[in-house]
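This report refers to the structure that appears directly beneath it.
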Amino acid sequence: MTKVENKDFWVFVETDTAGKAKNVGLELLNPGRRLADGQGGRLAAVIIGGHVDEAVKSAAEHGADMVIAVEGKEFAHYTTDAYTKVMCELVDKYHPATILIGATNNGRDMGPRIACRLQTGLTADCTALDLDADTGNMVWTRPAFGGNLMASIVCPSHRPQLGTVRPGVFKKTEPTAGRTVEVIREDLHVSPEAIRTELLETICEVADEAVDLESAEIIVAGGRGVGGPAGFAPLKELAQALGATLGASRAAVDAGWISHVYQIGQTGKTVAPKLYIACGISGAIQHLTGVSDAKCIVAINKDPQAPIFDVADYGVVGDVQEIVPLLTEAIRKNRST
């Protein structure tokens, strides 16, 4: 689709099997609001699911100007065929200028399929969004070359512009309870024959895969300085004492010391906790980009010249394996009194 005059911004609001809006879609309504206002367009939330009423309400309360909703039993569970077909039909009807999609497993699957069918570009795993108001071109920023630099990408000749954005990069706005907006309910359906996959069974996530770093308020993260897999044991105890979530740097994950689901940084999760305790993490730019929105950073590192101290609110120079157990003991003692 070549460039058109429509200036509307769409945010795909993904839902879970219960019909509740996932956080990343509501998060994207925040930058979507800014971008739509900057170009003089409307902000629409697009919702597809088996039950959409709760998600429609959430999208309205978090700032959408309008909601385009598609409901049907074939959409109760995400399938590439059904969701891609419906999204492309909606785009052909309404011609949005830009579509923002959360970089979830489903979003990363659907985004390229839509881009291919619509013959437009897609920028994946974005960490920043901007707009050239004069041209209407989005400026998508994402890590490149293994996170060693940031690339700014534009799609000047085709519409809609598509981008997937990592969860946790943006924060949800405070909801306005009872806010009502225009809701367009499209009666679109996909025949069973057109859906080439079938959900046979849902398997509960194992503990490692259930790590929710994006919404954690306190994170205790370890890096190369913990020394090995066993070095995460005292960090886990500290996290337990604080009611925190465990995290890790890319160096620790690449070394095989801990699962990749704990990875924080440009090539991992982007987080914004109230408290971030960095244990044995040097502070490479790729890692710091992932924690730049943390309210308070406490760094523990035996190297007084480590870059992490340049951004830390509080710094402790010393051996992680000596300091962390002392910190855990002090916290437990304080909480018991």
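The values are calculated or read from the model by the stated rules, or taken from the named source; none is laboratory data. What you are looking at is a predicted structure, and each value in this text was computed from that prediction instead of being measured. Cβ coordinates were reconstructed from backbone atoms using ideal geometry, including for glycine residues, and neighbour counts include every protein chain displayed. We work out accessible area using only protein heavy atoms, side chains counted, and drop any ligands, DNA or RNA first. Shrake-Rupley method; radii C 1.70, N 1.55, O 1.52, S 1.80 Å.
Give me the distance between the Cα centres of the range 18-71 and the range 283-312, rounded to whole Å. Each part's Cα centre sits 34 Å from the other's. Using the alpha-carbon positions of the range 212-337, Rg (one decimal) and Dmax (whole number) come out as 13.0, 41 Å. Under a GNM of the chain (C-alpha, springs under 10 Å), which listed residue has the highest mean-square fluctuation: Thr176, Thr104, Thr141? Of the options given, Thr176 has the highest mean-square fluctuation. Note that the range 39-49 has calculated 3J(HN,Hα) couplings of 10, x, x, 9, 10, 10, 9, 10, 10, 10, x Hz, one per residue in order, obtained from phi through the Karplus relation 6.51 cos²θ - 1.76 cosθ + 1.60 (θ = phi - 60°); glycine and proline are x. Taking Cα centre as origin and charging only the Cβ of basic (Lys, Arg, +1) and acidic (Asp, Glu, -1) residues, the dipole magnitude of the chain rounds to 480 debye. Please work out whether the range 175-267 counts as rounded, prolate or oblate from its C-alpha gyration tensor, where a ≥ b ≥ c are the square roots of the eigenvalues and a/c under 1.5 means rounded, while otherwise a/b larger than b/c means prolate and anything else oblate? Prolate, because a/c is 1.5 or more and a/b exceeds b/c.
Evaluate Rg over Rh across the range 291-337, taking Cα atoms for both radii and Kirkwood's formula for Rh. Taking Rh as the inverse mean 1/r over Cα pairs, Rg/Rh reads 1.05. Taking all protein chains together and a 1.4 Å probe, the residues Leu122, Leu188 rank Leu122, Leu188 from largest to smallest accessible area. With semi-axes defined as the square roots of five times the eigenvalues of the C-alpha gyration tensor, the equivalent ellipsoid of the chain measures 39, 22, 18 Å, largest first. Under 5 Å from the amide H of Gly72 lie the amide H atoms of Gly49, Gly50, each residue being 5 or more positions distant or on a separate chain, with H modelled from the backbone and absent for Pro and chain starts. Residue by residue, the range 218-233 carries 3J(HN,Hα) couplings of 9, 10, 10, 10, x, x, 4, x, 6, x, x, x, 5, x, 7, 4 Hz when phi is fed to the Karplus relation 6.51 cos²θ - 1.76 cosθ + 1.60 (θ = phi - 60°); x denotes Gly or Pro. Count neighbours as other Cβ atoms within 10 Å of each site's Cβ, and list the GluC sites (Glu not before Pro) in the range 159-237 that are DSSP loop with at most 10 such neighbours. Listed in order of number, the matching sites are Glu198, Glu201, Glu205. For the chain, the relative contact order works out to 14 percent when only alpha carbon pairs closer than 8 Å and six or more residues apart are counted.
Helix-only arithmetic for the chain: the sum of -39500 (n - 2.57) across DSSP H runs with n ≥ 4, divided by the residue total, places the mean residue ellipticity at 222 nm at -8500 deg cm²/dmol. Across the accessible surface of the chain, with the other protein chains kept in place and a 1.4 Å probe, carbon and sulfur atoms take up 51 percent. The 3J(HN,Hα) values that the Karplus relation (6.51, -1.76, 1.60; θ = phi - 60°) gives for the range 167-180 are, in residue order, x, x, 5, 10, 9, 5, 6, 5, x, 9, 4, x, 5, 10 Hz. Gly and Pro appear as x. Among rounded, prolate and oblate, which fits the range 113-245 when a ≥ b ≥ c are the square roots of the eigenvalues of its C-alpha gyration tensor, a/c under 1.5 means rounded, and a/b larger than b/c means prolate? Taking the square roots of the gyration eigenvalues as a ≥ b ≥ c, the range 113-245 is prolate. Between the residues His51, Cys155, Gln305, the greatest Cα displacement towards the positive end of the dipole of the chain, with unit charges on the Cβ of Lys, Arg, Asp and Glu, is found for Gln305. Enter the angle in degrees (range 0 to 90, nearest 10) between the Cα long axis of helix 105-118 and the first principal axis of the Cα atoms of the chain, meaning the one along which they spread out most. Orientation of helix 105-118: about 40 degrees from the principal axis. Report, to the nearest 10°, how far helix 320-336 tilts away from the longest principal axis of the Cα atoms in the chain, using its own Cα long axis and a range of 0 to 90°. Here the helix axis deviates by roughly 80 degrees. Accessible surface for the chain, divided over its residues, is 47 Å² per residue with a 1.4 Å probe. In the chain, the DSSP beta bridges split such that about 20 percent are antiparallel, to the nearest 5. Here the simple spin-label model places points 7 Å from the Cα toward Cβ, and for Glu329 and Met150 these points are separated by 4.2 nm. Which entries of Lys171/Lys302; Lys7/Lys93; Lys20/Lys93; Lys22/Lys171; Lys57/Lys269; Lys269/Lys333 have Cα-Cα distances beyond 23 Å here? In this structure, Lys171/Lys302; Lys20/Lys93; Lys57/Lys269; Lys269/Lys333 lie more than 23 Å apart at Cα.
Put simply, the amide H of Asp8, placed in the peptide plane, has neighbours under 5 Å in Arg42, Ala97, leaving out anything fewer than 5 places away on its chain.
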